[in-house]
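The values are calculated or read from the model by the stated rules, or taken from the named source; none is laboratory data. Keep in mind that this is a model prediction, so the values were computed, not measured. Cβ sites come from the backbone with ideal geometry, for glycine too, and all protein chains shown count toward neighbours. Calculation scope for accessible area: heavy atoms of the full protein, side chains included, ligands and nucleic acids excluded. Shrake-Rupley method; radii C 1.70, N 1.55, O 1.52, S 1.80 Å.
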Amino acid sequence: MYNIIFFGPPGAGKGTQAKIISQYLNISHLSTGDILRKKLLDDDDLALELKKIMSSGNLVSDEILNSIVSSRLINESNKGFILDGYPRTLKQSEFLNKFLLDSSNEINYIFNIHINFEILRDRILKRSKEESRDDDNIDVIETRYKEYINSTQKVSNFYKDRNPELFYELDGSLQIEEITKKIKEILE
């Protein structure tokens, strides 16, 4: 069974690689971004609150994400899963570690995709045009990148320090196929 976390700044290719690898391994891809964007389509107070938070580029609260992720992991924890966009804060990683311990599960692989900001900015602006995503504009990109550096990168470093044998660095400036090939080699 494979339980995997993908780290990297917005636009680094986490979602693309997580989709490819989830199909390759036949396990669930739990993307908090996709889950939240789907929630935005609902007509309720939480959707309105999320819309406001996400359109400004800020991160959704730990409580909301922990609730969403744990409800999904309960169904997936015996089959394997890929987490994409979670955990983003040290509080979320503490919650995840406790959840995994309580459910007798563990993370097997952690992939960190790094990429420089200029490549990332161009990639996200291109994605914005192709996918018509409201959360992909230059101000939001800069805010989300700073959030990543100030928050999620600390989580990634925490896992790297704590579990170096599970942690793999990947160059996000490579072509999609090259990154996928490297991940598959690590998994074998």
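The table for this structure:
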quantity	calculated
Protein accessible area in the range 62-175, 1.4 Å probe - carbon and sulfur %	47
Portion, in percent, of the accessible area of the range 3-57 that falls on carbon or sulfur, probe 1.4 Å	51
Packing rank of 9-15, 59-65, where each peptide gets the mean count of other beta carbons within 10 Å, highest leading	9-15, 59-65
Accessible solvent surface per residue of the chain, calculated while the other protein chains remain in place, 1.4 angstrom probe, Å²	53
The range 36-179, relative contact order [Cα under 8 Å, separation at least 6], %	30
